[in-house]
């Protein structure tokens, strides 16, 4: 039988942990007290002592959730977010399963995602979209407990800090829509990983400020997912969406977690993975019905309509479209929540999604008209990528209906909005356009020839 001294002798000292303890300036007894305090905030009673700290530094890792409590305690003292890996403790392997879960600590789950994104790690950039993971929010709608008592760091965090994060996330969103998802992408991830993660684990002036900070963080993580989506990295986007959902759920801000479910439904539909899309959209709209402003409710209703159309429930889809339209007409200028403005003015977003519903239902003329209306609904000079893609969709439908001259004119307007936009989707749209025009170019149609030359130059300048 090996005694404890023999077991400890076989372990290597944890120098990473020792260095962080030294940096914190805490004695072993003070750190043990801090770990117990963090555990108590999370509803767990520990008997951690200074001997426990000595054992961990000698190489014997803590068990259960104690390592996470230790990471939080040290995070408070050193003023930056620390993961289990930073402490030299086991944190699982970097595999395709990274981020494909909803855990008790979404910030911990996000750390390897953020680092992999910044390093352009292959295991994340090439990760596959998971149908199994798409069902996770549905499983957690009713049984995720509140995680309001969280780690606290450094100085107190208040309303001004929440406003600052919202302003910064909004700035990144404007950059994204004007210039594409790859402009400033690393800067956004770095900001989330350092500033926002630390603020979320701060000591808050009020619980309301804490909730709104978590919600603001969820919006930022959602935007990181959107940028990955725009770059064609669907698996990475899904991982961001899952953790955005976890943060939104933790914030307990009415409707925010449902909004992320709505996004996940749309991603599944875009990828032609119908599994769970209708359930996600239906669950999301049920969660907000009568609990948010009319414009926001319209956003949920139109996504539900799209999912219904994709599932061949034509009559139900049309009824949901009517409900979305009625909600927009009834909107009395109520303030739209920050988290619901990810794609700009709700009216334009509803029109764009309505066009997709009509397209799914096979009504090309109405779909084309609605795409055009969506593009016109956005303020001039804003949301360049969305406007361009709505016009591309309109042009494709016009071409499918035989109106090739009209389609060329619409494609031309779409390209007017693409200058300076770095987006895989806009490049793909131009490749598709050239294929669609090839027949007419061969026949000598002037508008097709001129547009193809312009598209060729556009693509050549973005290689």
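None of the figures in this text is laboratory data; all of them are computed from the coordinates on show. Every value quoted in this text rests on a predicted model; they were computed, and no experiment measured them. We place every Cβ from the backbone using ideal geometry, glycine too, and count neighbours over all the protein chains shown.
Between helix 424-442 and the chain there is an angle of about 20 degrees, using the helix long axis and the longest principal axis of the Cα atoms. Per-peptide packing, taken as the mean over residues of other Cβ atoms within 10 Å, places 44-52, 259-267, 171-179 in the sequence 259-267, 171-179, 44-52 from highest down.
Relative contact order, whole percent, for segment 382-463 stands at 28, derived from Cα pairs under 8 Å and 6 or more residues apart.
For the chain, the longest principal axis of the C-alpha atoms and the axis of helix 207-230 are separated by about 50°. The angle separating the long axis of helix 256-270 from the principal Cα axis of greatest extent in the chain is about 50 degrees.
Only one of (i) 47, 24, 19; (ii) 38, 26, 19; (iii) 34, 25, 24 was calculated from the structure for semi-axes √(5λ) of the Cα gyration tensor in Å, and its label is (i). By the helix-only formula, in which each DSSP H run with n ≥ 4 contributes -39500 (n - 2.57) and the sum is divided by residues, the chain has a 222 nm mean residue ellipticity of -21000 deg cm²/dmol.
Would you work out the relative contact order for the chain, in percent, from Cα pairs under 8 angstrom that are 6 or more residues apart? Mind showing how you got there, number by number?
Values: 669 pairs, mean separation 52.4, N = 463.
The value is 11 percent.
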